[in-house]
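First the structure, in the form of structure tokens, and then the observations on it.
The values are calculated or read from the model by the stated rules, or taken from the named source; none is laboratory data. Source: prediction; values computed, not measured. Methodologically, a virtual Cβ is constructed for each residue, glycine included, from the backbone with ideal geometry; neighbour enumeration extends over all protein chains shown.
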Ligand SMILES: NC(=O)c1ccc[n+]([C@@H]2O[C@H](COP(=O)([O-])OP(=O)(O)OC[C@H]3O[C@@H](n4cnc5c(N)ncnc54)[C@H](OP(=O)(O)O)[C@@H]3O)[C@@H](O)[C@H]2O)c1
């Protein structure tokens, strides 16, 4: 297994019954407008941001930081079969914001015309070996390490979050809880093969911050690396807020 060299934060907005989207994939917007700046500050305080192709297809996000004086992170899309549309927002803006799509080596060879089209639009297309959930996370993290990326923000969706948590790649979780009940829908986190509560992953609460009607809960995951707290302060005051609320738990 490859050495992990990046601190990994996962964040998502969920209903109080643990859904990040309805059964039709509708997730806009679970969180309220007050937590939007917070979400953008998280983007801006990481060197890279990552989503799975499912989220590109469902939401067509830009993944940029829209706060003033904020640098957008390098965007990574995990897409084994190179399904990313040429007209997707991420593709259209790849000439302005660093963007990498990672596909499987066999796809790269099979879809070389699509690869060249995407490259001509400014995207970098890289390859990583296939794994049980799409691409092998170890191979993907090797790419990040090769780029010298030290902090990664994972913004979804459900399958990507699940696979990274299952493989113990996540150091920090920030769950934005919205006072909304959805019922059936996309679970924030899917199958982890936990049969007994003794095997459940127990997170360490770090802070609790209100944003309008939402609550952002920051948690440290036990399998995370010791040095994962090395995140840049984005100057938004959120880091200070975390430190203050942390005392509530001590
Ligand atoms: N509420 C929120 O905060 C929030 C945030 C983001 C997304 N969402 C919602 O989540 C839903 C999409 O979730 P999703 O689970 O369908 O899509 P996803 O996690 O964004 O993408 C999953 C796809 O990524 C590819 N992939 C490649 N390597 C992977 C790996 N190691 N692990 C997991 N996936 C990998 C796989 O497709 P290939 O095999 O083709 O590569 C996989 O099917 C949408 O409805 C979206 O609105 C909600």
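Summary table below
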{"item": "Flag if residue 31 is touching a residue at least 12 places away in the same chain (Cβ under 8 Å), surrounded by 22 or more Cβ atoms within 10 Å (Cβ to Cβ), more than 15 Å from the ligand (Cβ to nearest atom) and under 18 Å from the mean Cα position of the chain (by Cα)", "result": "no"}
{"item": "Elements of type helices (runs of 4 or more DSSP H) in segment 92-189, at least 2 residues being within 10 Å of the ligand (Cβ to nearest atom) and within 22 Å of residue 12 (Cα to Cα)", "result": "137-146, 158-166"}
{"item": "Per-region count, segment 209-231, residues assigned to a loop (DSSP other than H, G, I, E, B) and modelled with pLDDT under 50", "result": "3"}
{"item": "Single condition residue 50 does not satisfy, out of (1) touching a residue at least 40 places away in the same chain (Cβ under 8 Å); (2) touching a strand residue (DSSP E or B) at 6+ places or on another chain (Cβ under 8 Å); (3) surrounded by fewer than 22 Cβ atoms within 10 Å (Cβ to Cβ); (4) closer than 28 Å to residue 130 by Cβ", "result": "(3)"}
{"item": "Residue 163 in contact with a helix residue (DSSP H, G or I) (Cβ under 9 Å, 6 or more places away or on another chain), closer than 27 Å to residue 19 by Cα and modelled with pLDDT of 95 or more", "result": "yes"}
{"item": "Criterion: surrounded by fewer than 21 Cβ atoms within 10 Å (Cβ to Cβ) and either modelled with pLDDT of 95 or more or over 17 Å from the mean Cα position of the chain (by Cα) (or both) - qualifying residue of 173, 118, 143, 123", "result": "143"}
{"item": "Of all residues in segment 53-79 being surrounded by 21 or more Cβ atoms within 10 Å (Cβ to Cβ) and closer than 26 Å to residue 109 by Cα, the one that is farthest from the ligand (Cβ to nearest atom)", "result": "75"}
{"item": "Filter pass, residue 85 being farther than 22 Å from residue 141 by Cα and at pLDDT below 95", "result": "no"}
